[in-house]
Amino acid sequence: MSLTMLTVMLVLFALSVPVAIAIGVAAIVGIQGFTSFPLIVAAQQLFVSLDKFPLAAIPFFILAGNLMEVGGISRRLVEFARSIVGGIQGGLPATCVVTCMIFAAVSGSSVATTFAVGAIMIPALVRAGYPVPFAAALQATSAELGVVIPPSIPMILYGVTTQTSIPELFIAGLGPGILIAGALVVTVLVWCRIKGWGKQDGVGRLSFLVAAKQAGFALLMPVVVLGGIYGGITTPTEASVVAVAYAIIVGMFLHREIKPRDLVPIFRKSVISSSVILFIIACAAVFSWLLNRQGVPDAAAAWLVATFDSSAMYLFAVNMFLFFIGMFVETGASIIVLAPLLQEAATRFGVDGVHFGTIMVVNLAMGMITPPFGVNLFAAAQVAGTSVDKMMRYLPVFIGVIFTCLMIITYVPWIAMALPNLVFR
């Protein structure tokens with residue numbers, strides 16, 4: 001049954017069938033062809049998979065990101081980041097990275113980060129003389145921080161799927177997120193020096209104090225949201241509601257850039273984005289439920305333990321496998337289907353569940369910037385008015401930087417685990 005389901009799913013992927021539909025059809029084939037369950041069990045599992053309180057954080061964080069975009073918060077964050085790193089050669093690309101890191105501390109979504117920050121940064125980079133495909137590739141890559149820096153929607157999915165502490169996963173993402181952001185900043189600064197780009201990047205830059213004053217409410221938002229989680233005041237789901245309330249108050253009454261007429265389009269956009277993600281989650285959960293009933297995770301874990309001699313070899317093999325899977329399968333679906341299986345084997349090798357979750361999220365996040373199905377690539381290409389194939393000239397460098405960071409995160413657990421061990425253990 002498992003082999004048939006996987007084959008059906010992969011064939012449908014190859015035929016460009018939407019991810020959720022492909023996974024759902026494969027699950028139905030498994031139910032109808034290999035079990036005695038009535039088909040209504042699929043509908044029951046669809047409901048059960050979404051009947052989890054932590055998942056409510058997903059639509060609220062998406063809504064918060066869209067409110068930040070329209071409410072002027074993202075623009076102020078760009079100016080603040082530029083006041084810090086924008087005064088040197090290559091400062092504008094560095095500003096893009098730093099802004100995405102800050103914006104990620106509330107949005108939880110790489111696609112939301114791509115649109116919100118990219119709508120400001122890509123035109124600014126192009127006006128400063130940077131090639132359009134370079135600007136789009138940089139934005140797509142920097143937006144990956146949206147799922148590494150907490151709060152992170154994929155980390156919520158991983159926590160729900162594997163029964164791992166979501167607050168611990170969130171705080172574990174800080175170290176890897178800062179590492180990746182720092183590596184990207186160094187990369188673009190060196191690249192601009194070599195190419196001779198960005199010699200006038202400091203022109204029109206606000207002073208730090210002026211930019212900080214203008215971005216005061218925007219900078220306070222991550223403090224309010226994450227402070228509530230780590231201070232034990234709110235759960236991640238409750239914090240997502242706080243983020244929405246804060247974004248509405250700041251956007252409508254303090255910045256006064258969100259008008260009542262803007263709310264319906266913002267809510268419509270958020271509902272559509274949330275529905276797509278939650279439908280994928282539901283279909284993937286039915287698929288995963290069938291695999292669990294067949295004992296696939298336990299059998300696969302036993303095989304992996306018997307095949308690899310050490311945790312180091314196992315983690316290397318998992319990283320290679322996830323990097324390949326991330327090219328073709330949506331991040332949320334990959335986590336729901338694969339996380340229980342892979343974490344079971346990782347636990348037998350003595351790898352901490354929070355550390356492994358961080359590795360998995362960082363790895364699958366690369367799938368957002370790798371063809372053929374990298375969602376960030378298509379989002380950035382849409383904003384920049386270019387094509388993904390033109391971006392491919394610049395992407396290998398960025399992918400190589402993030403993959404190097406992934407290897408460091410994998411084999412230096414302290415980067416991810418220092419803060420969780422300090423705060424929670």
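The values are calculated or read from the model by the stated rules, or taken from the named source; none is laboratory data. Being a predicted model, the structure only gives us computed values, none of them experimental. We place every Cβ from the backbone using ideal geometry, glycine too, and count neighbours over all the protein chains shown. Calculation scope for accessible area: heavy atoms of the full protein, side chains included, ligands and nucleic acids excluded. Shrake-Rupley method; radii C 1.70, N 1.55, O 1.52, S 1.80 Å.
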Do any helices (runs of 4 or more DSSP H) lying entirely in the range 146-231 carry at least 2 residues that are without any contact (Cβ under 8 Å) to a residue 40 or more places away in the chain and under 21 Å from Val412 (Cα atoms), and which ones are they? 174-195
How about the range 350-377: which of its residues are buried (at least 18 other Cβ atoms within 10 Å of the Cβ) and of a type in the set (Phe, Trp, Tyr)? Phe356
Residue check, Cys100 against (1) free of Cβ contacts under 8 Å to residues at least 40 places away in the same chain; (2) outside any loop (DSSP other than H, G, I, E, B); (3) not acidic (Asp, Glu), all met but one. Which one? (1)
Given the conditions (1) under 16 Å from the mean Cα position of the chain (by Cα); (2) closer than 21 Å to Thr187 by Cα, every one holds for Thr404 apart from (1)
Cβ pairs under 8 Å, 6+ apart, first in the range 322-335 and outside any loop (DSSP other than H, G, I, E, B), second surrounded by fewer than 17 Cβ atoms within 10 Å (Cβ to Cβ) and of a type in the set (Phe, Trp, Tyr): Phe323/Phe403
Is it fair to say Pro18 is open to solvent by 10 Å² or more (accessible area, probe 1.4 Å) and either over 26 Å from Leu157 (Cβ atoms) or of a type in the set (Ser, Thr, Tyr) (or both)? no
Subset tally (residues that are assigned to a loop (DSSP other than H, G, I, E, B) and of a type in the set (A, V, I, L, M, F, W, C)) for the range 399-414: 1
So, of the residues in the range 378-425 that are under 15 Å from Glu144 (Cβ atoms), surrounded by 17 or more Cβ atoms within 10 Å (Cβ to Cβ) and among the small types (Gly, Ala, Ser), which turns out to be modelled with the highest pLDDT? Ala380
Mind listing just one residue for me: the one in the range 184-208 that is open to solvent by 90 Å² or more (accessible area, probe 1.4 Å), of a type outside the set (Val, Ile, Thr) and under 31 Å from the mean Cα position of the chain (by Cα) and, of those, farthest from Val85 (Cα to Cα)? Lys195
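Can you pull out every residue in the range 256-267 that is surrounded by fewer than 19 Cβ atoms within 10 Å (Cβ to Cβ) and outside any helix (DSSP H, G or I)?
If we filter the range 256-267 for residues that are surrounded by fewer than 19 Cβ atoms within 10 Å (Cβ to Cβ), which is where we start, we get 256-257, 259-265, 267.
Listed by number, the residues that qualify are Arg256, Glu257, Lys259.
Taking the range 231-248 as the region of interest, how many residues are open to solvent by 60 Å² or more (accessible area, probe 1.4 Å) and either in contact with a Phe, Trp or Tyr (Cβ under 9 Å, 6 or more places away or on another chain) or over 30 Å from Val160 (Cα atoms) (or both)? Break it down stepwise before answering.
The initial filter retains those residues of the range 231-248 that are open to solvent by 60 Å² or more (accessible area, probe 1.4 Å), namely 232-233, 238, 241.
Retained after the next criterion (residues that are either in contact with a Phe, Trp or Tyr (Cβ under 9 Å, 6 or more places away or on another chain) or over 30 Å from Val160 (Cα atoms) (or both)): 241.
Within the range 231-248, residues that are open to solvent by 60 Å² or more (accessible area, probe 1.4 Å) and either in contact with a Phe, Trp or Tyr (Cβ under 9 Å, 6 or more places away or on another chain) or over 30 Å from Val160 (Cα atoms) (or both) number 1.
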